[in-house]
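**Student:** Here you go, one structure.
The values are calculated or read from the model by the stated rules, or taken from the named source; none is laboratory data. This structure is a prediction, so every number in the text was calculated from the model and none was measured. When we count neighbours, we look across all protein chains shown, and the Cβ atoms used for this are built from the backbone with ideal geometry, even at glycine. Surface accessibility is based on the protein's heavy atoms, side chains included, excluding ligands, DNA and RNA. Shrake-Rupley method; radii C 1.70, N 1.55, O 1.52, S 1.80 Å.
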Amino acid sequence: MTDKSLKDVAVKIKWKDYVQVKDRIQYLSDNYEGRYDLESDYQYFPESKLRVVKATLTVWDEKHETCCKYDGLAQEVESDDYKMVNFSSALENAQTSARGRCCAGFGLWIQCDWG
C-alpha cells in the first residue's frame, strides 16, 4: 500500500478524509515488514469500569541500526447498556484508538490533506 492507496481508502468523516486504523496498520505491514513492532499494555480500573491502553509503535531503519518509538494512549468506559458498543467492546475500542494514535505520530495521519 502506498500513500496514494491510503488516499484511496480514506473515508469521509465530517467532510474530512480519515484513514482507518486497519488501513494504517496494513500500510505498516506492506511498507515496513520486519521493521516495526506494535505492542499494547492494558489496565483495568473496575471501580470506574475504565479500560486504559498504552500502545507503542517501534520502527527501525532499513539496517535495524536505529529506531523511533511512538506512544498512543486511549481510554474507554464500559457501558451498562447492552445496546451500546462499549458494553462488550470497550477494550477493543481503546486498543484501536491507542494504535491509531501511534500510527498518527509516525506520520500515517488521521485526517489527510492530500492537496
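**Student:** Quickly run through region 33-51 and pick out the residues that are exposed (fewer than 15 other Cβ atoms within 10 Å of the Cβ) and part of a loop (DSSP other than H, G, I, E, B). Break it down stepwise before answering.
**Tutor:** Within region 33-51, the first condition is being exposed (fewer than 15 other Cβ atoms within 10 Å of the Cβ), and the residues that meet it are 33-34, 37, 39, 41-49.
Those that are exposed (fewer than 15 other Cβ atoms within 10 Å of the Cβ) and part of a loop (DSSP other than H, G, I, E, B): GLU33, GLY34, PRO46, GLU47, SER48, LYS49.
**Student:** Quick one: in region 57-71, which of the residues that are of a type in the set (Ser, Thr, Tyr) and touching a residue at least 12 places away in the same chain (Cβ under 8 Å) is surrounded by the most Cβ atoms within 10 Å (Cβ to Cβ)? Write out each step before concluding.
**Tutor:** Step one: of region 57-71, the residues of a type in the set (Ser, Thr, Tyr) are 58, 66, 70.
Narrowing further to those that are touching a residue at least 12 places away in the same chain (Cβ under 8 Å): 58, 70.
Numbers: THR58: 15, TYR70: 18.
For region 57-71, the residue satisfying everything is TYR70.
**Student:** Only one of LYS54, LYS22 is in a helix (DSSP H, G or I) and open to solvent by 80 Å² or more (accessible area, probe 1.4 Å). Can you tell me which? Show your work before the answer.
**Tutor:** On the way: LYS54 fails: in a helix (DSSP H, G or I).
Exactly one residue qualifies, and that residue is LYS22.
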